[in-house]
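> First the structure, then my questions, so here it is.
The values are calculated or read from the model by the stated rules, or taken from the named source; none is laboratory data. All values derive from a computational prediction rather than experimental measurement. FYI the Cβ positions are ideal-geometry reconstructions off the backbone, even for glycines, and counts take in every protein chain you see. Ligands, DNA and RNA are stripped out before the accessible areas are found, and what is left, the full protein with its side chains, is counted by its heavy atoms. Shrake-Rupley method; radii C 1.70, N 1.55, O 1.52, S 1.80 Å.
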Amino acid sequence: MDSLLTTSLTLAQDTRLEAFAGVTLYHYLFVSATMFSLGVIGFLSRRNLIIMFLCTEMMFQAAGIALIAFSRYWLNHTGEVFVIFVLTIAAAEAALALALVVYLFRRKSTLDADAWMELKG
Amino acid sequence: MSLWTHIPGAFSTLAATGVDAGVVDIEMGRPLFLLIPALPALAALLCGLYWALGVKSKFPAWTTVAALAGSFAVTLVAYFEIAAPGLTHVVHGFRWINIAFGAAGGERMLFVADFSLYIDSLTVLWMLFVTGLATLIALYASEYMSDDVGPGYCRFFFAFSLFVVAMACLVMGDNLLMLFLGWEGVGLCSYLLIGYFFKKPSAVNAAKKAFVMNRIGDLGLMIGIMLAFLHFGSLRYEEIFAQVAILQQDGGDLAWTIKAIPYLLLVGAIGKSAQLPLFTWLPDAMEGPTPVSALIHAATMVTAGVYLVARMYPIFLLTPESLTLVAWIGGLTALVAATIGMAQYDIKRIMAYSTVSQLGFMFLGLGVLTSVGAAFHVFTHAFFKAALFLCCGAVMHGFAGQLDLRKLSGVQFMKGWGIVGVAMFVGCINLAGLPFTAGFFSKDMILAEAFTTPGFTALGVIALLTAGITAYYTFRVYFRVFLGPQHFEPGDELHGHDEHDHDDSHGDDGEAKTHDDGHAHDFHPHPPGWAINTVLVVLAVGSILAALAYVFPRETGGWVKGLISTSSAAGAAHHDHEASFFGLGDPHKVMYYVSGVIALVGIAIAWWLHLAGRTTAATSRADAIKQKIGPVGRWAERKWYFDEIYDFLFRYPLLIFSHIFYLFDKLVIDGLVDLFGRSPRSVGAGVRPTQSGGLQNYAMGMAGGLAFIIVVAWLVVWRMSS
Amino acid sequence: MTLLMLILIPLLGAAVIAFSPERQAKWLCLAWSLIALGAAVYAAFTFNWMERTGAFQFSASWTWIESLGIELSLGADSVSMLLILLTALLAPICALASFTAVQERQKLYYSTMLVLFAAMTGVFAARDLIFFYLCFEFTLAPMYVLISQWGSSNRKAAATKFFLYTFTGSIIALAGLVYIAWKWTQIGDGWSFAISDLEIAASQMSMFEQGWVLLALMVGFAVKVPLFPVHTWLPLAHTEAPTAGSVILAGVLLKLGTYAIYRFVLPFTPLAIQEYAPLIAVLAIIGIIYTGLICWVQRDVKKLVAYSSVSHLGFCVLGLMALNTIGAAGSVMYMVNHGLSTGALFLCIGMMYERYHTRSLDEVGGLASRMPVWAFFMVFFTLASVGLPGLNGFVGEFMCLLGTFQSGAVDFPGGTTGPLGPWYAIAAASGMIIAAIYLLYMVGRIVFGPLREPSDHHAHPVLPTDLNLREIGILAPLAVLCLGLGVYPTPVLRSLEAPINRVGVIAGFHDIEAPGSDETAPAHTLVLVPEEAWP
């Protein structure tokens, strides 16, 4: 844990990008975690289906940031490939989800998530 | 190894013990005697076959009569070959229940209950009157049941023959289990025959009652049998008697378990012989056809209890207290049944109560150590009670089921009823104990013995009183039904048969009064035919001649005494016959006078109350007295409410328990099972609210769960690294 | 090989029926079950009933799952053989009894029934624990189908309860059985499920272990019997099952429980059974009296007979718990006898039901006037059930009681060792009276008395007729056997001595003397050997 924080956190740097010299993996992960938490909190606290959907998108992007950061850290492209894959799926999924939201809105004329409790046991 | 081949044939137990005191030599008998049960069994089989083939003639009756007569003939052979010389034979039939086991001591034993016959003079005495009377009564029934020719006729004679088979097993079996086979077998036949008119609910109930009450007794008998096996390691009479002889010789204290055996056997005897407290089934058993009442419920089956006690007399003698109990049960039953008999109006029921009462006398006789008296009374009673029942049956047959003595009168002098009247008279004087009749002698032996046995004087007085009552109610029937003005009302059925259509459409008959609207047509009593009359004559003559068995042959002190003294029932330690009766001399001689006078007094009372001055069938002087004594007469008529008390004490509580048990079973036990079955569902119901259906609740659960896992994982990692 | 044939013949029959036209199903089923009966009778004739060591005959075994030591292993002693014969006898009878009662989906019905018979035969023939358990549990599936598809109104619930109840019990029994197999791995070389091996393994268990194994086994097998507090599935299942289902249930399925107690509980837990037999006996006695009284207040005649089965099987368990030869032999006799007489009673009731479509004692009665032949059989089998001497019921009942009575009475010439005693027998014997009460009550209402018929029977244009030849043909063999076993049970009893001795040696009956080596008996068949030639 300690070694990760002190010695190895420096991203593998290319000399051309000196402007980011002080930025370590830790910073990226912090941003990612913050975004993810905001997404979770938003998802749990907001009632509007569209907002909740946007929150899930935010969590996706948080995960994407973390993946890119690790990709840069290990100097391979695995993480980037993942992110591109996720973005593609997310786009498709966004289309589907928004269509569903529209459909749900037509059924009950509301976007409140609590209006849909049919799975109550 | 030797035990495998031990049974039958080798009587090593006897040889090994070296005891011969009190034990007679036993020989292998001739297989011929197996015919005694086999012939009636064949008849039963044939009657069943006739039923299956739909025979509609009197064939079943003739088959049965022939088979029973054959059986009787073989019994006579047995008498001359075995009983008369005082021998004991064992005839091996086949192995019924055999199995080897290891006794506690470690040696291999064989449980043996074979179908074998033990023939000694006691057996032969019983079988003589069983097969003899059965033959006669089958002949009687051939006419009596003639309205039922067809399936019912076959059924009747099937059960009739089967009864004789079972009775033969009971009496002739060489082990206690075979006795039990016969014991339950006669119970079955009794059940089938009481319930012969199976469409009548009363008949069905009476049959059921008889079987169940007998089963109560059988339970005692069965436990007694098992206990006997435990003690003697065998159920065979010869081995039991041999061991009992050893016990008698050794003297000393006996285990309480061995003392319990006679009491348990007595329970069985009480049930079968209708003694207190299990006597209430016998009067109800009169629902059966009269020949059945005569044979099974008067002459033979009900004496099985007496036979059992007589057969196992050595064991009873080991515990004399048990015989005291036998005596008291007998004496009290005699009195109670006689008092009930006084108050009845149904002549068959009066005869039934008198049977119970006379069986009480026999038990009393056994109890006061005069097994000869008891056996002699069984013998004479079989004849005269069969005659009485058959006379009642003839009346019932002739008067369309009429049995009420208030509705019949003067039958003796009606045309065609002479023989019945005379036979009835002979039966009555025997039952009443008029001097020099067979019944007089046999009852006298018991009475005298009761008086002379120390400690039994009270019972003697009770028995004497009962004898007086007996004379009264016997002649009450005779005076009401057979003497007096001629009058009758027909019954509303033909001996219980509801399908019989009776339409005599003769002209006017002055005597026939039809009070019942249901009988718009005139009624003619039809007097008995040749078969019934023949049987009645034979039985009447037999009843009279039975008295001779008291005197001849002189050297053995009477025929029955001679027979009994060579059997296992002879073991009674006869006390001093020189003992005087209240200082008056030989008790038997004295008793002649006392009981003769008592009988005459009873008859005189009956004459004064029921014949003298009687002008109609229905009323007599006795009615006035009955008015005066108030409820007591009614109580007696309702048989002292024995049935009601039993219902209250046993039947209803059991029924209530049954209902409670059923509810308990349905609600509690099955309820618990269902509860267990429902528990997964109820657990599900408990956690169901967590599934709210709200999207964000699920998300919260996910997030919370994830957080939990992370925390746990972190804690684990942290613990491991530190 | 013989035993495998006995299992395979019904299975083959089931397959043939499945691929045959619907209307031939019942005839094929009858034919195949008759073939199976013929094979069983042939086996009985080649079987040495007087084998004095109690060894298993017709032994055969095939490897099944080698790594676990599981084999397809078969063998029979005379106890098994008797029950196999009973099973084979009931097969054609059940087929015949269903000819008119079952009208729909006959192919499925008859093939299911044959599969059931194969499974039951397998239970009695198994010498491998896993094969035994497989068959034991597999009987549930066809029985479930029979009840739930061809039963009466409440059939689904009854079938579910029957399945779940007995299945739950059996799973617990399996735990106990597997524990013994695990014990074998501790002392032996790898896994084995051969019953003879496990008998050795069981003897290595401590009292504590045996107690738990006994509990597990008894939970499973007592449900099947069924013993007093776990009996409630039976009246329901019997009432709802089709006639043939009831006959199989009463005739054979219940005996799987008592047979398993005899075959496994006694030899596997010899110490614990000595300790706890009184407890089980008390349950049996409670069952005898309690369910006997319940019978008395039943309005449904089938339910009455079903409850009477619980009461009767109490005697059977009691005889086993006596832990002596007479008790165990009586119990085995009782299994056979109960199968015959109670099975026949269910057949009689089924025949009545086909005619009147009711089983209520309030609606029908006095049928002796309408159907005398039926009445004869009904009364006959009732009397066999009551335990009338001379009919089969008595032999088993008396011996169970006598075995109980002499058990533990070590100071008496006729006594044996054992955990019970006279008081148990006396308490149980009161069941004799109760049996008379309720069975005669039943007969008195339904057979005798004034004729009562359901008022709506006029809807049928013809009045109910007496039994036809087919129905007489069903009942008559049973009646003959009842009489035969009641009058001459000795050959059967003698053939039971040796196998019971064998179990007794393992189970520590102490009332037996191991058969000596000098007792070399020639091979005998049960039926043909004259008495003089018996060992």
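> Identify, please: which residue in the stretch B:247-277 is among the aliphatic types (A, V, I, L, M) and buried (at least 24 other Cβ atoms within 10 Å of the Cβ) and is, among those, farthest from residue B:640 (Cα to Cα)?
B:261
> Let me ask something additional. Out of all the residues in the stretch A:80-101, which are small (Gly, Ala, Ser) and either exposed (fewer than 14 other Cβ atoms within 10 Å of the Cβ) or within 13 Å of the chain's Cα centre (by Cα) (or both)?
A:90, A:91, A:92, A:95, A:99 - these are the residues of the stretch A:80-101 that are small (Gly, Ala, Ser) and either exposed (fewer than 14 other Cβ atoms within 10 Å of the Cβ) or within 13 Å of the chain's Cα centre (by Cα) (or both).
> Check whether at least one residue in the stretch B:688-710 is open to solvent by 80 Å² or more (accessible area, probe 1.4 Å) and more than 13 Å from chain A (Cβ to nearest Cβ), and report yes or no.
Scanning the stretch B:688-710 turns up at least one residue that is open to solvent by 80 Å² or more (accessible area, probe 1.4 Å) and more than 13 Å from chain A (Cβ to nearest Cβ).
> Tell me, please, whether a residue that is over 30 Å from residue B:566 (Cα atoms), more than 14 Å from every other protein chain (Cβ to nearest Cβ) and open to solvent by 10 Å² or more (accessible area, probe 1.4 Å) can be found in the stretch B:114-128.
No; the residues of the stretch B:114-128 include none that is over 30 Å from residue B:566 (Cα atoms), more than 14 Å from every other protein chain (Cβ to nearest Cβ) and open to solvent by 10 Å² or more (accessible area, probe 1.4 Å).
> Just to be sure before I move on: is residue C:355 touching a Pro at 6+ places or on another chain (Cβ under 9 Å) and open to solvent by 10 Å² or more (accessible area, probe 1.4 Å) in the structure I sent?
Yes: the conditions hold for residue C:355.
> In the stretch C:48-69, how many residues are open to solvent by 40 Å² or more (accessible area, probe 1.4 Å) and in contact with a Ser or Thr (Cβ under 7 Å, 6 or more places away or on another chain)?
The number of residues fulfilling the criteria is 2.
> So, one more: Only one of (1) within 10 Å of chain B (Cβ to nearest Cβ); (2) open to solvent by less than 10 Å² (accessible area, probe 1.4 Å) fails for residue C:410. Which number is that?
(2)
> Among the candidates A:104, A:119, single out the residue that is under 26 Å from residue B:689 (Cα atoms), open to solvent by 80 Å² or more (accessible area, probe 1.4 Å), within 12 Å of chain B (Cβ to nearest Cβ) and over 20 Å from the mean Cα position of the chain (by Cα). Give the steps one after another, and end with the answer.
Values: A:104 fails: open to solvent by 80 Å² or more (accessible area, probe 1.4 Å).
None of the others qualify; the one that does is A:119.
One line per residue, one yes/no per condition, for (1) in a helix (DSSP H, G or I); (2) free of Cβ contacts under 8 Å to residues at least 12 places away in the same chain; (3) at the interface with chain B (Cβ under 9 Å from one of its Cβ atoms):
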site: C:339; (1), (2), (3): yes, no, no
site: C:367; (1), (2), (3): no, no, no
site: C:431; (1), (2), (3): yes, no, no
site: C:436; (1), (2), (3): yes, no, yes
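> What do you reckon, is residue B:93 within 14 Å of chain C (Cβ to nearest Cβ), in contact (Cβ under 8 Å) with a residue 40 or more places away in the chain and assigned to a strand (DSSP E or B)?
Yes; evaluated as a whole, the condition is true for this residue.
> Cβ-Cβ under 8 Å, sequence separation 6+ or interchain: first residue in the stretch A:72-83 and part of a loop (DSSP other than H, G, I, E, B), partner crowded, with 16+ Cβ neighbours inside 10 Å. Which pairs?
Close Cβ pairs (under 8 Å, with a partner that is crowded, with 16+ Cβ neighbours inside 10 Å) amount to A:77/A:71.
> (1) modelled with pLDDT under 90; (2) under 60 Å from the mean Cα position of the chain (by Cα); (3) not acidic (Asp, Glu): which one isn't true of residue B:697, the others all being true?
Every listed condition holds for residue B:697 apart from (2).
> Given the criteria in contact (Cβ under 8 Å) with a residue 60 or more places away in the chain, among the polar types (S, T, N, Q) and open to solvent by 20 Å² or more (accessible area, probe 1.4 Å), does residue C:100 qualify?
So residue C:100 passes the test.
> Follow-up. Specify the residue that is modelled with the highest pLDDT; the eligible residues are those in the stretch B:96-111 that are part of a loop (DSSP other than H, G, I, E, B) and either crowded, with 22+ Cβ neighbours inside 10 Å or aliphatic (A, V, I, L, M) (or both).
This residue is B:103.
> Right, here's the next one. Of all the helices (runs of 4 or more DSSP H) wholly in the stretch C:186-297, which have at least 2 residues that are within 30 Å of residue B:654 (Cβ to Cβ)?
Qualifying helices (runs of 4 or more DSSP H): C:207-224, C:233-240, C:254-260, C:270-296.
> Sort out for me the helices (runs of 4 or more DSSP H) sitting completely within the stretch C:105-156 that have 1 or more residues that are in contact with a Phe, Trp or Tyr (Cβ under 7 Å, 6 or more places away or on another chain), open to solvent by 10 Å² or more (accessible area, probe 1.4 Å) and farther than 19 Å from residue C:247 by Cβ.
It comes to C:129-138.
> Next up: Out of B:39, B:46, B:35, report the one residue that is under 25 Å from the mean Cα position of the chain (by Cα), within 20 Å of residue B:164 (Cβ to Cβ), open to solvent by 50 Å² or more (accessible area, probe 1.4 Å) and at pLDDT 85 or above.
Criteria check complete, one pass: B:35.
> Follow-up. Please state which one of C:316, C:295 is within 14 Å of chain B (Cβ to nearest Cβ) and either among the hydrophobic types (A, V, I, L, M, F, W, C) or surrounded by fewer than 24 Cβ atoms within 10 Å (Cβ to Cβ) (or both).
Only one candidate qualifies: C:295.
> Hey, does the stretch B:133-145 have a residue that's open to solvent by 10 Å² or more (accessible area, probe 1.4 Å) and out of contact with any helix residue (DSSP H, G or I) (no Cβ under 9 Å at 6 or more places or on another chain)?
Within the stretch B:133-145, none of the residues are open to solvent by 10 Å² or more (accessible area, probe 1.4 Å) and out of contact with any helix residue (DSSP H, G or I) (no Cβ under 9 Å at 6 or more places or on another chain).
> Mind checking which pairs have a first residue in the stretch A:36-57 that is facing chain B (nearest Cβ under 9 Å) and free of Cβ contacts under 8 Å to residues at least 40 places away in the same chain and a second that is of a type in the set (A, V, I, L, M) and surrounded by fewer than 17 Cβ atoms within 10 Å (Cβ to Cβ), Cβ under 6 Å, 6 or more apart or different chains?
Short answer, once both residue conditions are applied: A:40/B:703; A:44/B:700.
> Separate question: Being open to solvent by 60 Å² or more (accessible area, probe 1.4 Å) and either in a helix (DSSP H, G or I) or without any contact (Cβ under 8 Å) to a residue 24 or more places away in the chain (or both) is the filter here, so list the residues in the stretch B:609-618 that pass it.
B:613
> Looking at (1) without any contact (Cβ under 8 Å) to a residue 40 or more places away in the chain; (2) closer than 19 Å to residue C:169 by Cα, which is the one condition that is false for residue C:132?
(1) is the only condition that residue C:132 fails.
> Can I ask one more? Give B:285, B:245, B:298, B:228 a once-over and let me know the one that is out of contact with any Gly (no Cβ under 8 Å at 6 or more places or on another chain), farther than 30 Å from residue C:441 by Cβ and not hydroxyl-bearing (Ser, Thr, Tyr).
Within the list B:285, B:245, B:298, B:228, the selection yields B:228.
> Still on this structure, I have one more. Helices (runs of 4 or more DSSP H) wholly in the stretch B:631-722 with at least 3 residues that are in contact (Cβ under 8 Å) with a residue 12 or more places away in the chain - which ones?
Correct list: B:631-637, B:642-646.
> Please tell me if residue B:222 is within 8 Å of chain C (Cβ to nearest Cβ), crowded, with 23+ Cβ neighbours inside 10 Å and under 28 Å from residue C:488 (Cα atoms).
For residue B:222, the condition - within 8 Å of chain C (Cβ to nearest Cβ), crowded, with 23+ Cβ neighbours inside 10 Å and under 28 Å from residue C:488 (Cα atoms) - is met.
> Go through the stretch B:34-71 and give me each residue that's without any contact (Cβ under 8 Å) to a residue 60 or more places away in the chain and in contact with a Phe, Trp or Tyr (Cβ under 7 Å, 6 or more places away or on another chain).
B:59
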